[in-house]
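Have a look at the structure below before the remarks.
The values are calculated or read from the model by the stated rules, or taken from the named source; none is laboratory data. Because the structure is a prediction, the values reported are computed rather than measured. Backbone-built Cβ (ideal geometry, glycine too); neighbour counts: all protein chains shown. Heads up: the accessible areas ignore ligands, DNA and RNA and are worked out on the full protein's heavy atoms, side chains in. Shrake-Rupley method; radii C 1.70, N 1.55, O 1.52, S 1.80 Å.
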Amino acid sequence: MRNEAINRVQLVFTLFDADGNGVLESDDFALMSNRVAAAVPEADEARKQAMRAGFTRYWNTLAGELDTDRDGRITYDEFQACVLSPERFGGAIDEFAAGFARLGDLDGSGTVTRPVFIGMLRGVGFDLPNIHALFDAFEPDEDDRVRVDVWEAEIKNFYAPDKGGVPADLLAASPAA
């Protein structure tokens with residue numbers, strides 16, 4: 001497992017612990033999906049529901065795979081063991097990536113504007129300089145848009161234990177000054 005993957009997972013655990021109590025619970029995923037939906041108020045309800053379904057499946061997969069005592073809580077150690085195992089978590093990541101990235105395609109063009117991209121990732125809790133760095137790494141077009149399929153693929157890379165040196169690493173880097 002690559003150090004970059006471990007860094008990405010440590011960061012996402014902290015972000016998904018939306019209430020900051022040190023464990024993941026279903027309420028954290030509901031809170032996070034509400035924050036993301038609020039960041040893109042102009043998105044249609046179908047896209048918001050697909051994004052929320054991705055967050056729900058993400059939580060349900062974690063709980064089903066890891067919450068052996070059924071207390072509704074996932075620790076960091078439990079989270080890392082599952083998330084960095086594509087054979088256990090791949091389907092949930094695929095649905096999460098699709099719902100999340102496609103939420104930002106407000107006009108059905110297959111692209112996401114910088115302001116929407118920033119809003120969504122700020123809704124998750126990523127640092128602004130890192131968000132800009134990732135967006136720029138996607139080589140936006142002349143209208144300052146990035147392709148949804150590129151973003152979706154990079155979300156999957158974010159969770160891949162064998163990936164390093166990918167744009168997703170920019171989200172877990174120390175924020176630029």
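List of remarks:
- Annotation for region 82-135 versus region 1-72: alpha-carbon center distance of 12 Å.
- Dipole magnitude for region 1-147: about 80 debye, using +1 per Lys or Arg Cβ and -1 per Asp or Glu Cβ, origin at the Cα centre.
- Neighbours of Leu106, meaning other residues whose beta-carbon lies under 9 angstrom from its beta-carbon, give a summed charge of -3 when Lys and Arg score +1 and Asp and Glu score -1.
- Placing unit charges on the Cβ atoms only, positive for Lys and Arg and negative for Asp and Glu, gives region 101-177 a dipole magnitude near 300 debye about its Cα centre.
- Accessible carbon and sulfur surface of the chain relative to its total accessible area, %, 1.4 Å: 49
- Total formal charge among the other residues, if their Cβ is under 14 angstrom from that of Met32, Lys/Arg +1 and Asp/Glu -1: 0
- Between 0 and 90°, nearest 10: helix 86-103 axis offset from the chain longest Cα axis: 30
- Relative to the longest principal axis of the Cα atoms of the chain, helix 128-137 runs at roughly 70 degrees.
- For Rg and Dmax of the Cα atoms in Å, calculated from these coordinates, the label among [x] 15.3, 52; [y] 15.4, 47; [z] 16.5, 55: [x]
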